[in-house]
Amino acid sequence: MRGGTSRGPYLLGSDLPADPKARDGVLLALMGSGHAMQVDGIGGANPQTSKVAIVSRSARPGIDVDYLFAQVGIEARSVDTRPNCGNMLAGVGPFAIEAGLVAVNADRTTVRIHNVNTGARIDAIVQTPGGAVIYDGDAAIPGVPGTAAPIALLFRDFVGAKTGRLLPSGKATEQIDGLDVTLIDSAMPMMLLRADDLGIGDLADTGAIDASEAALARIERMRHEAGRRMGLGDVSRSVVPKVGLLRASPDATLAIAYLMPWTVHKSLAVTGGVCLATAVTTPGTVASALTGPVGEEARFAHPSGVMTLTLDKENGSLVGAGVMRTARRLFEGQALVPAHFYEAQRG
């Protein structure tokens, strides 16, 4: 499925080995990791298209399905389940309904999702007129051609998703390598800093940023230190924390280039948008210093357009965020992987 601006296979948890090591072996074989083109699998040879959504019926009260996201390496044979992916999340509701995990209950069906990676609760509102999921519609999102049926994602319980604290180091702004940064954990752990401090030019020019070897090397060294300060340990082989390069914008709340972390996202991850929304509503952060007061909506300019989030605040603090995404089912069937990954389970 395409979920938001990402793409990858959506799998039933019951179809995978229970052992995490064997499960990861299946995902690596499925995607063709270990080769730049992922030629021996169905991966798309890009971080946005080398993602997997694993969906299971939930035993949690008030929850319909559990969603485990996996970022699968391309040349590196790695599977990272630390982060969530809000774009792939857009496909979880339709997939769960069509897989028989959730019953249609009206022209719009709410699927209550628990993200296993972060513990966040998300409600996905899926269009189901006539008792079935529809994908055709008039909704458009930057980074995806054409239009489709809207899927509303309402995020809750996202603060401190991985570290247990909004500001894991206890500081709204601090310095790493002589530059001001904000280390924040809300839906996605991130290191935020001003693009101008690194001499980064046009934030919409992803190719130029990806070619800025010296700046990217410095950012990566800073990210390692950020991971240590956030209590995430050695993050050299992990995709978290992500990095946000920020700049004030005359046409939006803020402009951002979102690093995944080793290349620039062609648009903006939903979880990155939620984290940034939290940052602009938190006094003292690098982000809030660039924006000033923010009302009930935040608009973030990114390389493909603008992401708009509705903000639900209590006593000035962000407690909920909503964003509209779209999804599309691309194909279904069987993918073949080596049988030995399942042998221990069968035995």
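Considering only A139, T285, A214, and ranking their Cα positions along the charge dipole of the chain that arises from unit charges at the beta-carbon of Lys, Arg, Asp and Glu, the one farthest toward the positive end is T285.
Contact order, relative form, for the chain: 17 percent (alpha carbon pairs under 8 Å, 6 or more residues apart, mean separation divided by residue count).
Seen against the Cα atoms of the chain and their longest principal axis, helix 20-31 is set at about 90 degrees. For the chain, find the longest principal axis of its Cα atoms and tell me its angle to the long axis of helix 213-229, 0 to 90°, nearest 10. Rounded to the nearest ten degrees, it is 80. Shown in residue order for the range 68-77 are the 3J(HN,Hα) couplings computed by the Karplus curve 6.51 cos²θ - 1.76 cosθ + 1.60 at θ = phi - 60°: 10, 9, 10, 8, 9, x, 9, 6, 7, 8 Hz (x for Gly and Pro).
Non-local lysine pairs in the chain, meaning eight or more places apart or on different chains, with alpha-carbon distances under 23 Å, amount to 11. For V79, the residues 5 or more places off, or on other chains, whose built amide H falls under 5 Å of its own are G73.
Counted by Cβ distance under 11 Å from S212, the other residues give a net charge of -2, where Lys and Arg count +1 and Asp and Glu count -1. Tell me the mean residue ellipticity at 222 nm calculated for the chain from its helices only (DSSP H runs of n ≥ 4, each -39500 (n - 2.57), averaged over every residue, nearest 500). Taken over the chain, the calculation gives -5500 deg cm²/dmol.
With contacts taken as Cα pairs under 8 Å and at least 6 residues apart, the range 174-322 reaches a relative contact order of 23 percent.
Bear in mind these aren't lab numbers, they're just calculated from the coordinates by the rules spelled out. Everything quoted here is computed from the prediction, not taken from an experiment. Virtual Cβ from ideal backbone geometry, glycine too; neighbours counted across all protein chains shown.
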